[in-house]
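The values are calculated or read from the model by the stated rules, or taken from the named source; none is laboratory data. Values in this document were obtained by computation on a predicted structure and should not be read as measured data. Here the Cβ positions follow ideal geometry from the backbone for every residue, glycine too, while neighbour counts run over all protein chains shown. These accessible areas exclude ligands, DNA and RNA; they are computed on the full protein's heavy atoms, side chains included. Shrake-Rupley method; radii C 1.70, N 1.55, O 1.52, S 1.80 Å.
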Amino acid sequence: MTGHRTIWQALEPSLDTTWLLHADGCDPLRESNRETRFAISNGFLGVRGIQAINPSPRALVSAQTYVAGLFNTPDTDRPVPERVAAPGWLQIRISSPDGQLVQHFDDGPAHPLTLDMRRGVVLTRCRQVGDAVADVRVHMLRLVSQSQRAIGLQLLSLEVDHGEVEMTLEASIEGGSRALVSERLEQDLGVWRTRQSGKEVAMATMAALRIDGDEIEATTADPFRWSWTWTTRPGQVVCFERTVAVSRGDAQGLGSGQGARESLATAGRRGWRRVLEDHEAAWADRWACSDIEVQGDDVAQQALRFAAYQLNSAANPADPRVSIGARALTGDDYLGHVFWDTEIFLLPFYTLTWPEAARSLLMYRFHTLGGARKKAADRGWRGAFYAWESTDTGDETTPEQSIGPDRQILDILTGAQEQHISADVAYAVWQYWQATGDEAFLNEAGAEILFETARFWSSRAQPEADGLCHIRGVMGPDEYHEGIDDNAFTNVMARWNIRRALEVVGLFRERWPERWGQHSRQLGLDDAELRHWSGVAETMAIGLDPRSGMYEQFSGYFGLEDVDLSAYAGRSVPMDIVLGRDRTQRSQVIKQADVVALLALLPAEFAGDAGRKNFQYYEPRCGHGSSLSTATHGLVAARLGETGLALDYFHRTAAIDLADTKLAIGGGVHIAAQGGLWSMTVFGFAGLSFGPDGLSLAPRLPPGWSKLGFSVQWRGRRLTITIDQASLQLNVSMETGEPMILAIYGEPHPLRSGKPIVIGIRVASAK
């Protein structure tokens, strides 16, 4: 048991190296990448992978604590809310009278880091030397607790190899955003508030140092700063431990300091061993539900473990007032804002492996319905038009302008024109309802989101002389083309949104007529409006040529310049920079999956071989100027049986955060790409799909993958799925839950606990 482990045992990584991610050496140009890659978070707290021992001034700037939901709106001409960083709590300085000890570079790596994904900890091993007067080996562990999200823990062990010298270890908590105003600062407690929004954040801490098992007293000079001085001797073992507790209050005077102190007291009574044990047990539970095992491709195995680790780290099912930003809690890019990434790229993972987290994230959208209604009303429409960039209120927070690569000031139109966000939220609501059957959620929140987004589309799409309803002046996922008409992705998703809302109306009338009466009265929904919805859905202009099955991405797209992207292979910058903004908008070059994204989300909208035709047309025209794009293309390619191409997209997606081919990850992990890797594997290679009729599988593993295994949750059941390409067998077992019917390659198979399905699989050609 963990309770009997020594600190040395706690500082050892897992024996199975497939769970480990290593970084050695010291490259200042890539240090911010490493800080991102080795960040730790738990959905409430996030800490970057900084060099904690004798940190450089640059590292101190990065040594901040991210707190979910801690937003402030600066007092500027065009204010944009931003997530505020709290002070960093990992900093340690080790010194002798001759100065700071420094890391040894000669016969070993400098500041090596290990991310132990199984345990959810970051480990450090290094040697610190001081001009031959002292030589110590240092092992360190850091975590933010998965079981008690307010808690962070740091453990450090120093073993003296040689040297008898007076040594000092100083621990401090410092840094944080300038948007924080100090309200209270004591030795073990700090309370701050955000300058404009008035939110409170508090941090309580305790620290101890033991030499050969005996605790020694600290000297304290300033708040949040402790110092211990002693004389070293060879063989001496020094152990340092620090625990912090953080709380957030969404208004002044809510007692954040008291909450932090109570959480710290609980952790203190349990001790670091029990805190670590609880944390590891919580991670073991998460991995039991979400691990993916791949045999035959070690790079893919590490990528999928890293993806699941980041996704499990990003969510907090206990707080339905927050969501996951585009960089989660691992960096500053996009100011902590929430995009469609959450619903389209992250929710599938949570819905099928962690329904409690999925529900909480959707409740965030329910709690921000007020902002979505206001945004629609301000533009003369009805219903809910969700913010393209959202923070804590649901108000639109997209910046109005930015500076382009050529230093020109550019207007940012996504907040006004990327209207598909409302259908994206509705899609995630419906997917969660289908997968969980959570009637309480549908009654309390989900139905209202569906009704209000359907109402938005029914007011937004306008009938014209051709007898069709058009949606003009929008932007699809392909952000290279602005102010376009009848974007296929937007219009088909809008039609789908309306139809699902009408379906839920029928469901309520049949099963919960009293609740339907409450909804219809509260929202003012009558039969005339519902007939209008139906009419809009039936006459929506969707850009489909029924003879060829081709969707035109938007009105006039097929008439634009067709640029051969193969002529620009090997480029290092996006295509809109290569061609220039104006020419890009006049061309068929696509920033990211658009019609292909529609094919990924709603494959039933593509009859016969239309899906393949559309993919073959649009795939070579995509420049992949977004980290969201390759995963979507890989998913569709896998479904179409193009497993070789899909695998290439898989590895390109994995490289975004795990390979140093780009310098773009210093601002945080691309959490949507991580979700895309999971979806590509489960919905693509494993061929999992679901809907009103149940769960289906049609696996096609890529070349080199001899086996794929994972678990999913489905309407109160837990299924374990193993696809063995070597033996050509599919094995599906039910761990918990009631009997069900599972479709495999379209054929129904009964499944119940204790009676697994074992069936032959089809081998995909490596196209």
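Some notes on this structure:
To keep it simple, each residue is scored yes or no on (1) farther than 26 Å from Pro355 by Cβ; (2) not basic (Lys, Arg).
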position: Ala267; (1), (2): yes, yes
position: Val294; (1), (2): no, yes
position: Ala307; (1), (2): no, yes
position: Asn316; (1), (2): no, yes
position: Arg321; (1), (2): no, no
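Quick grid of which residues meet (1) open to solvent by less than 40 Å² (accessible area, probe 1.4 Å); (2) among the hydrophobic types (A, V, I, L, M, F, W, C):
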position: Ile542; (1), (2): yes, yes
position: Met550; (1), (2): yes, yes
position: Phe558; (1), (2): no, yes
position: Tyr618; (1), (2): yes, no
position: Cys622; (1), (2): yes, yes
position: Ser629; (1), (2): yes, no
position: His633; (1), (2): yes, no
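- Complete set of residues in region 375-421 that are among the basic types (Lys, Arg) and surrounded by fewer than 17 Cβ atoms within 10 Å (Cβ to Cβ): Arg379, Arg407
- A single entry from Ala440, Ala465, Ala435, Ala447 fulfils the requirement of being assigned to a helix (DSSP H, G or I), over 17 Å from Asn491 (Cα atoms) and free of Cβ contacts under 8 Å to residues at least 12 places away in the same chain: Ala440.
- Filter result for Ser572 (small (Gly, Ala, Ser) and within 30 Å of Gly370 (Cα to Cα)): no
- Selection of region 619-642 for residues being over 30 Å from Ile761 (Cα atoms) and either touching a Phe, Trp or Tyr at 6+ places or on another chain (Cβ under 9 Å) or of a type outside the set (A, V, I, L, M, F, W, C) (or both) yields Pro620, Arg621, Gly623, His624, Gly625, Ser626, Ser627, Leu628.
- Only one entry of Ala655, Ala659 meets the criterion of being within 17 Å of the chain's Cα centre (by Cα), surrounded by fewer than 23 Cβ atoms within 10 Å (Cβ to Cβ) and among the aliphatic types (A, V, I, L, M), and that entry is Ala655.
- Only residues that are assigned to a loop (DSSP other than H, G, I, E, B) and either at pLDDT below 95 or over 18 Å from Ser587 (Cβ atoms) (or both) were counted in region 544-563, giving 4.
- Scanning region 605-625 for residues that are within 20 Å of Tyr551 (Cβ to Cβ) and assigned to a loop (DSSP other than H, G, I, E, B) yields a total of 6.
- Scan of region 461-489 for residues that are among the charged types (D, E, K, R) and open to solvent by 20 Å² or more (accessible area, probe 1.4 Å), ordered by number: Glu464, Asp466, Arg472, Glu479, Glu482, Asp485
- Any chance Leu645 is in contact with a Phe, Trp or Tyr (Cβ under 7 Å, 6 or more places away or on another chain) and either in a helix (DSSP H, G or I) or touching a residue at least 40 places away in the same chain (Cβ under 8 Å) (or both): no
- Among the residues of region 595-608, none qualifies, meaning not one is under 30 Å from Pro463 (Cα atoms), over 30 Å from the mean Cα position of the chain (by Cα) and open to solvent by less than 30 Å² (accessible area, probe 1.4 Å).
- Here Gln310 meets each of (1) assigned to a helix (DSSP H, G or I); (2) over 10 Å from the mean Cα position of the chain (by Cα); (3) in contact (Cβ under 8 Å) with a residue 60 or more places away in the chain with one exception, condition (2).
- Residues of region 523-557 satisfying the condition of being in contact (Cβ under 8 Å) with a residue 40 or more places away in the chain and closer than 13 Å to Glu448 by Cα: Leu523, Leu525
- Selected residue [assigned to a loop (DSSP other than H, G, I, E, B) and crowded, with 17+ Cβ neighbours inside 10 Å] from Leu701, Leu708: Leu701
- Residues that are farther than 20 Å from Gly634 by Cβ and among the small types (Gly, Ala, Ser), drawn from region 559-597: Gly559, Ala567, Gly570, Ser572, Gly580, Ser587
- Taken over region 315-327, the criterion of being small (Gly, Ala, Ser) and open to solvent by 10 Å² or more (accessible area, probe 1.4 Å) is satisfied by Ala318, Ser323.
- Applying a threshold of 6 Å to beta carbon distances and a minimum spacing of six or more residues, or different chains, the list of pairs starting in region 184-212 at a residue that is without any contact (Cβ under 8 Å) to a residue 40 or more places away in the chain and ending at one that is of a type in the set (Ser, Thr, Tyr) and open to solvent by 20 Å² or more (accessible area, probe 1.4 Å) reads Gln187/Thr220.
- Put simply, of Ile412, Ile403 the only residue that is under 24 Å from Asp594 (Cβ atoms) and out of contact with any helix residue (DSSP H, G or I) (no Cβ under 9 Å at 6 or more places or on another chain) is Ile412.
- Close contacts from region 704-718, counting a first residue that is farther than 17 Å from Gly684 by Cβ and a second that is assigned to a strand (DSSP E or B) and open to solvent by 50 Å² or more (accessible area, probe 1.4 Å), with Cβ to Cβ under 6 Å and a gap of 6+ residues or different chains, come to Ser706/Gln295; Arg718/Glu735; Arg718/Thr736.
- Test: residue in region 670-689 that is among the polar types (S, T, N, Q) and part of a loop (DSSP other than H, G, I, E, B): no
- Selection from region 479-516 of residues that are among the aromatic types (Phe, Trp, Tyr) and within 30 Å of Asp582 (Cβ to Cβ): Tyr480, Phe489
- Being in a strand (DSSP E or B) and of a type in the set (D, E, K, R) is a condition met by no residue of region 416-424.
- Answer residue from region 207-256, given it is open to solvent by 20 Å² or more (accessible area, probe 1.4 Å), farther than 30 Å from Glu164 by Cβ and aliphatic (A, V, I, L, M) and is modelled with the lowest pLDDT among those: Leu254
- For Thr414: the one exception among (1) of a type in the set (Ser, Thr, Tyr); (2) over 21 Å from the mean Cα position of the chain (by Cα); (3) modelled with pLDDT of 95 or more: (2)
- Residue ID - surrounded by the fewest Cβ atoms within 10 Å (Cβ to Cβ), chosen from residues in region 566-594 that are under 23 Å from Asn491 (Cβ atoms) and charged (D, E, K, R): Arg586
- The combined condition, being touching a Pro at 6+ places or on another chain (Cβ under 9 Å) and of a type outside the set (Asp, Glu), is not fulfilled by Gln236.
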